[in-house]
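Student: Pasting a structure below so you can have a look.
The values are calculated or read from the model by the stated rules, or taken from the named source; none is laboratory data. Source: prediction; values computed, not measured. For neighbour counting, all protein chains shown are included, and Cβ atoms are generated from backbone atoms with ideal geometry for every residue, glycine included. What goes into the accessible areas is simple: the full protein's heavy atoms, side chains included, and nothing from ligands, DNA or RNA. Shrake-Rupley method; radii C 1.70, N 1.55, O 1.52, S 1.80 Å.
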Amino acid sequence: LVDEVVRSLQAWLSTKGSDVHFVLAVDECIKLKLENGSLECVRLVVSVLGRLTDKLRREGHKCLAIVSSLSSGPFATQSDRGVVRVTLPPPTPEDLIKFVAEALEQHIEQKKGKWAGAHLLAGAHWRSATFAVDLLAGRENLTVSDLSHSLAARLCSGMTPDQQADTRDYILLEYKTDKDRALARFPLAEMFIDQEGSVPPCVAWTLFAEPPEGCRTSPIHDFFSNSLSVSAYRQLELCGASFDRFKAQYHLPILPKKVPIIFPGGNHSFPCEEWFQGLHLASMASGTVDVSSIIQKGVFRMEGPQPGKIYRPSQKNHQHIDRAVVAQHADGQKCLVLYQDKVNGDLGKATKDLAAAAELAGIWMKDKGIKSVLCVAQVLDCRTSQIDGFAYPLIILTEHSRSLRRFYRGTFVGAVQYQRVRHITV
């Protein structure tokens, strides 16, 4: 085979001169896997490419063979000799969409809203980005739902039930642990993750389409739909609430591992970090409770917030918090979680608002089984980071510290990153 290929090139090479170089590419070589799971055909191809490269180099031509696969299994020769692995730096969704659009000769006007859907639903996954650009070419009005269904039809149509189950369970376990442990447990998900272990959002849209009992829509569908269909001002609040519902539906901890918690200095009686990591949310089918008038009057309802509900102000200009939920621990204790979803001014003032809400809650906390308060501030763009004297456990979500990625995880953080940019620039 090697000699035949080289001979077939000789006539063509003679007309081009000696300064001719080659790149030999075989894409998706995992498709050569036999029905019994054997990779022998794949390894044969890798071996032949190696011999062909060597032969062409001996003939005086530079030659590079590139083999790609969505699974790491095929990367070896017949003699089990390894190949040089190349890992590209992960692109941002925006850069990836731009690169793919240029490759497909599609002009992107950055201000056109339709391309935001590609950023949102393709993530940093190359195949999803290619499909998204192709779908959007020449189309002016595609909703997030339309684009998600179209992307999923292309990307998920070849998924077997076992692959769907593994990928779904991979997303849930990766949220609770990390990429390596989740992939070791659910290896069939490997073909549907990017370099950082994130599943394309459009795949998550498909795998988590089922709404929780008592609800009409899926929290994940709401999470991505809200990213484009609501005003920039309320976007982060609504998506944060949808993400809480998603965690409640699948019994995920309210905090993934490695999300740093800042504890107040001095002596305090707050639980340890491990206790907060063990908090879960009850089913949230009962919906949202408007707390606008309650907070503005300076008091909370005396019965206090209950598990299974999301408390947030409905008014655009509201005080103290964007959202509040009650999380539960296996030991039976409860924790009030207070959110500021869009701190883009003074972080010190934002944390004072969170502290004020916590103080208002203090009148019933101890009597209602609330053991502690946890405050979460998502920082967009702040003039100061001064938070001296804050008296409660605090999580600050920022881009540069990677705490935002740790909190939302790779599969979902792209949508939040898009929302943050939209909120700042709109």
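Student: Give me the net charge for the shell around A241: Cβ to Cβ below 12 angstrom, other residues only, Lys and Arg +1, Asp and Glu -1. Write out the running numbers ahead of the final one.
Tutor: Working: positive: R234, R245, K247, K309, R312, R323; negative: D222, E237, D244, D322, D341.
Result for the local shell: +1.
Student: Between beta-carbons, use under 15 Å as the cut-off and find the net charge around R58, counting Lys and Arg +1, Asp and Glu -1. Each step should come with its number before you reach the end.
Tutor: Values: positive: R7, R51, K55, R57, K62; negative: D3, D54, E59.
Here the charged neighbours net out to +2.
Student: Indicate the gyration tensor shape class of the stretch 124-263 (rounded, prolate or oblate), computed on the Cα atoms with a ≥ b ≥ c the square roots of the eigenvalues: a/c under 1.5 is rounded; otherwise a/b larger than b/c is prolate and the rest oblate. All intermediate terms of the calculation are to be shown ahead of the outcome.
Tutor: Values: a/c = 1.60, a/b = 1.10, b/c = 1.45.
Note, shape of the stretch 124-263 comes out oblate.
Student: Okay, moving on. How big is the Cα convex hull of the stretch 51-98 in projection, averaged over all directions, in nm²? Intermediate results must be reported in sequence, preceding the final value.
Tutor: On the way: hull surface 20.8 nm².
Seen from a random direction, the Cα hull of the stretch 51-98 projects 5.2 nm² on average.
Student: Measuring from label point to label point, each 7 Å out along Cα→Cβ, what is the A209 to D180 span in nm?
Tutor: Going from the A209 label point to the D180 one covers 3.6 nm.
Student: Pop out the Kirkwood hydrodynamic radius of the stretch 183-275 from its pairwise C-alpha distances, inverse of mean 1/r, in Å to one decimal.
Tutor: This gives a value of 16.0 Å.
Student: So for K179, K33, what's the accessible-area order with a 1.4 Å probe, most first? Don't jump to the answer; show the numbers that get you there.
Tutor: Working: K179 65, K33 100 Å².
The ordering from most to least exposed comes out as K33, K179.
Student: To the nearest 10 square angstrom, what accessible area does K258 show with a 1.4 Å probe?
Tutor: Solvent-accessible area, nearest 10 Å²: 150 Å².
Student: Probe radius 1.4 Å, ligands and nucleic acids left out: which of E399, E237, E274 has the largest accessible area, and how do the rest follow?
Tutor: Working: E399 85, E237 0, E274 120 Å².
In descending accessible area the options line up as E274, E399, E237.
Student: In addition: Strictly over 32 Å apart at the Cα level, which of K176/K342; K176/K309; K33/K257 would you flag in this model?
Tutor: Numbers: K176/K342 25 Å; K176/K309 23 Å; K33/K257 37 Å.
Violating the 32 Å Cα-Cα cut-off are K33/K257.
Student: Could you order K62, K16 so the one with the most accessible surface comes first? Probe is 1.4 Å. The partial results should precede the final answer.
Tutor: Details: K62 140, K16 115 Å².
Result, largest first: K62, K16.
Student: Roll a 1.4 Å probe over the protein heavy atoms and report the accessible area of K334 in Å², nearest 10.
Tutor: In the full protein context, K334 sits at about 50 Å².
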